[in-house]
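Notes follow the structure.
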Amino acid sequence: GILESCRTAVGMLAVIGNLANMEYLYQQIVLIISLTTLILLFKAPQCYCAYSLPPMGLLEGLFSRKSFILLLISELLNHAASYTSQTYHDWWVLNGWTTDDIIRFSLVIMAVSALLVPVIFMGLTRVSVWGPWPMRDFTCLLPPGSLLRALALYDLGYLHHRSYLFAAALIASYCIDIMRSAAIFGSMMAALGNKWYALKGLYMVLFLMAIVAAASPFIGREIAMAAVNASPFDRVTLDKPVSHNGSLGEVVFWAVVPLTAASYLFQVLTLRFFNEDILTFRGYGNLLADGAVTGTASSTHRVPITALKRMRRAAKKDAARPCFRPPCGRPQESEASESQSTLEDGQSEVCSQLRPPASVAASSLGPSRVCSDL
């Protein structure tokens, strides 16, 4: 979450620098960030900075997890609509917003991504100690933000006045994209289970996503031309053309909504396999990270948090119960018999005699006993 919010903040700096004619300042910022990451790379552990991986196959351990495959397909479909769905700065201009307004919108996105997103993921980390269900629901049920953007533009229609609801929807959709992307990548890493599989798998995911994103302008154009005979490259006005072709809102709707809806469908399908692939959230029970079976069997059980809280209160109550201390002078036979009777009542006591050190052996202190409840 923190890395994704930082990436978004740098991207918004690029937008602000372009709108405010400060390209030179932005270039210097990118140079400083690039040099910093390069220096940190040399300070990384040897296995990372040397670009070396353990001996393993190219696809070993990657496609044995169904949730990883479904999330990968979902991300590829979402990136196929990335070009058309990310031209929203032109939508703001066509809706009547000025350059200063767009800069303020970008600052709002930076603030939300830098402050709110890390807090949300810190909360997810805390509640995930109970199991993978919070991360599963957040990953599989949060829809793509590009779907919300396309629906907002389609609902805007031909309106040219400043719509605050439209601007708020675009800002919210971008923040949703940030959280969704971070959640999906985190779930992919957890599904692969092994850090080497995760490192190799996510680099392959980024490579495939870059290829699909590069082809997204042509994919969106072909879909829009087939649906409404208009191109998403023509972003001149929100009005309906006199040629009776599709408007910009209709073009974006047909180029984005089918792909993002299919992407969301694959996200929801991941619900079926998420817990199976991440059985204990730190491993896979009797399954190794590469899919090999070890042991006999494993299963998952849903336990309400209220039941765990009752168990915890009961354990605290038992721990606070006073310990029965028998007289220290009793013989060992009586202690054994008393221990046997205590075991029958469900509570056992173990007494151990501690010998005092030589410096205090001759003192008037008698032998001490320590009792602990089992």
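The values are calculated or read from the model by the stated rules, or taken from the named source; none is laboratory data. These figures come from a predicted structure and were not determined experimentally. Note that we place each Cβ from the backbone using ideal geometry, even for glycine, and neighbour counts take in every protein chain shown. Surface accessibility is based on the protein's heavy atoms, side chains included, excluding ligands, DNA and RNA. Shrake-Rupley method; radii C 1.70, N 1.55, O 1.52, S 1.80 Å.
Figures for the structure shown
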item: Within the stretch 84-109, considering residues that are more than 21 Å from residue 235 (Cα to Cα) and open to solvent by 20 Å² or more (accessible area, probe 1.4 Å), the one nearest to the chain's Cα centre (by Cα); result: 108
item: Residues being open to solvent by less than 80 Å² (accessible area, probe 1.4 Å) and assigned to a helix (DSSP H, G or I) - total across the stretch 152-175; result: 13
item: Selected residue [of a type outside the set (Val, Ile, Thr), open to solvent by less than 40 Å² (accessible area, probe 1.4 Å) and more than 16 Å from residue 85 (Cβ to Cβ)] from 238, 248, 208; result: 238
item: Qualifying residue in the stretch 54-61 (condition: at pLDDT below 80, touching a Cys at 6+ places or on another chain (Cβ under 9 Å) and over 24 Å from residue 176 (Cα atoms)); result: yes
item: Single match in 119, 127, 112 (criterion: out of contact with any Pro (no Cβ under 6 Å at 6 or more places or on another chain), surrounded by fewer than 16 Cβ atoms within 10 Å (Cβ to Cβ) and assigned to a helix (DSSP H, G or I)); result: 119
item: Check on residue 149, out of contact with any strand residue (DSSP E or B) (no Cβ under 9 Å at 6 or more places or on another chain), under 30 Å from residue 236 (Cβ atoms), among the charged types (D, E, K, R) and crowded, with 18+ Cβ neighbours inside 10 Å; result: yes
item: Criterion: at pLDDT below 90 and within 24 Å of the chain's Cα centre (by Cα) - qualifying residue of 274, 233; result: 274
item: Number of the condition not met by residue 160 [criteria: (1) over 25 Å from residue 248 (Cβ atoms); (2) more than 17 Å from the chain's Cα centre (by Cα)]; result: (1)
item: Close pairs (9 angstrom Cβ cut-off, 6 or more residues apart or separate chains): at positive phi and surrounded by 20 or more Cβ atoms within 10 Å (Cβ to Cβ) in the stretch 52-67, in a loop (DSSP other than H, G, I, E, B) and at pLDDT 70 or above anywhere; result: 61/193; 61/194
item: Every pair of residues 6+ apart whose Cβ atoms lie under 7 Å, when the first sits in the stretch 217-246 and is farther than 25 Å from residue 78 by Cα while the second is open to solvent by 50 Å² or more (accessible area, probe 1.4 Å) and not polar (S, T, N, Q); result: 239/158; 240/158
